[in-house]
Amino acid sequence: MTVAASVTGSEQKFRTLVSDFVSTTAELGGTIDPEIVATELRHRIRAIATQLHVTEATVLRNYIEDDWGREMARQTYRQMQERDAHIHAAPNQQVPLKAVGRLVAALGQALLYLTINDAADDPTSRFNPKEASEAVSGLGLALTTRSDINSTVTVGGDILAWTRDALAAFGDNLQQRRWSSCPCGEDHNQDKTDAAVLRAVREDLLPLPTSTAVGQPDQP
């Protein structure tokens, strides 16, 4: 049961908060799925209720301001603008071809795990499949510019930033066991596989530049 359905007399406030977030985002020139906003608001309400030992109805009524949707949309937009500015200002770097190949393979695994796991199991929503896919394409194109496997290639700073952010989120979901190579619930030796993938992801992260995402940890 959703918070909106379980909080008697507060369904309208919940819907208004979500609607305000979506409409403010549109005014700022962006788009967002209302369900994503609703999910984030539900998580916020539950977390506050647990921390304060009160009901979710009380949280929605007394602890979530009426302008939450508008203010959070503006805050999110500012954070996205700041992150984009950092990424696009990141300098290009020389990266060994072997390392580029490993990064392509690691991102492929991250996208595979995303595909076979429930997206709801990434509550932080840090993994951005579009950016991860763009990073795969960028890294792949960089490989085509050189034939000597021991040489280096120039990789865009934004590609490296997207790569690191995606792999850091991938590693965090692996470490916290939110994602698995086989999330069926039965023992198919996935713990061993996931541990090996996590070790590889951590190794792949080592040569990458420090993350530019605001408030994001450097390593999983």
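The values are calculated or read from the model by the stated rules, or taken from the named source; none is laboratory data. What you see is a predicted model, and the numbers here were worked out from it, not measured in a lab. Cβ atoms come from the backbone with ideal geometry, glycine included; neighbour counts cover every protein chain shown. Note: areas computed on protein heavy atoms with side chains; ligands, DNA, RNA excluded. Shrake-Rupley method; radii C 1.70, N 1.55, O 1.52, S 1.80 Å.
Nearest 10 degrees, 0 to 90: what angle lies between the long axis of helix 157-175 and the longest principal axis of the chain (Cα atoms)?
70 degrees
Have a look at 49, 12, 157 and report the one farthest towards the positive end of the charge dipole of the chain, computed about the Cα centre with Cβ charges (Lys/Arg +1, Asp/Glu -1).
157
Applying a 10 Å radius around every beta-carbon, put 171-177, 78-84, 33-39, 155-161 in order of their mean neighbour count, most first. Before the final figure, lay out each step's value.
Numbers: 171-177: 19.3, 78-84: 13.0, 33-39: 14.7, 155-161: 21.7.
Going by the mean number of other Cβ atoms within 10 Å, highest first, we get 155-161, 171-177, 33-39, 78-84.
Heavy-atom accessible area per residue, the chain, 1.4 Å probe: how many Å²? Let's see the in-between values first.
Details: 12320 Å² over 220 residues.
Result: 56 Å² of accessible area for each residue.
Tell me what the chain gives for mean residue ellipticity at 222 nm when only DSSP H runs of n ≥ 4 count, each as -39,500 (n - 2.57), the sum divided by the residue total, rounded to 500 deg cm²/dmol.
On the way: 8 runs with 132 residues, N = 220.
About -20000 deg cm²/dmol.
Quick check: at a probe of 1.4 Å, how many percent of the accessible area of the chain sits on carbon and sulfur atoms?
Solvent-exposed carbon and sulfur of the chain make up 52 percent of the total.
Specify which residue in the list 39, 195, 137 is farthest towards the positive end of the charge dipole of the chain, using unit charges on the beta carbon of Lys, Arg (+1) and Asp, Glu (-1), about the Cα centre.
Value: 195.
Calculate the dipole size of the chain relative to its Cα centre from +1 charges on Lys and Arg beta carbons and -1 charges on Asp and Glu beta carbons; express the result in debye to the nearest 20. If you can, show how the numbers build up before the last one.
On the way: 21 positive and 29 negative charges, 64 e Å.
Dipole size: approximately 300 debye.
Mind telling me which of 57, 142, 168 comes out most flexible in a GNM of the chain, alpha-carbon contacts under 10 Å?
Highest fluctuation of the listed residues: 57.
Relative to the longest principal Cα axis of the chain, at what angle does helix 34-52 sit, 0 to 90 degrees, rounded to 10?
The angle comes out near 70 degrees.
When P(r) over Cα pairs in 5 Å bins from 0, in percent is calculated directly from the model, which label among [x] 1, 6, 12, 13, 12, 10, 8, 6, 5, 5, 4, 4, 4, 3, 3, 2, 1, 0, 0; [y] 1, 7, 15, 18, 17, 14, 10, 7, 5, 3, 1, 0, 0; [z] 1, 7, 13, 14, 15, 14, 13, 10, 7, 3, 2, 1, 0, 0 fits?
Given [x] 1, 6, 12, 13, 12, 10, 8, 6, 5, 5, 4, 4, 4, 3, 3, 2, 1, 0, 0; [y] 1, 7, 15, 18, 17, 14, 10, 7, 5, 3, 1, 0, 0; [z] 1, 7, 13, 14, 15, 14, 13, 10, 7, 3, 2, 1, 0, 0, the calculated one carries the label [z].
Give me the distance in nm between label points sitting 7 Å out from Cα along the Cα-to-Cβ direction at residue 206 and residue 190, one decimal.
The two pseudo-label positions are separated by 2.9 nm.
On C-alpha positions alone, give me the angle between the axis of helix 190-205 and the longest principal axis of the chain, in degrees, nearest 10.
70 degrees
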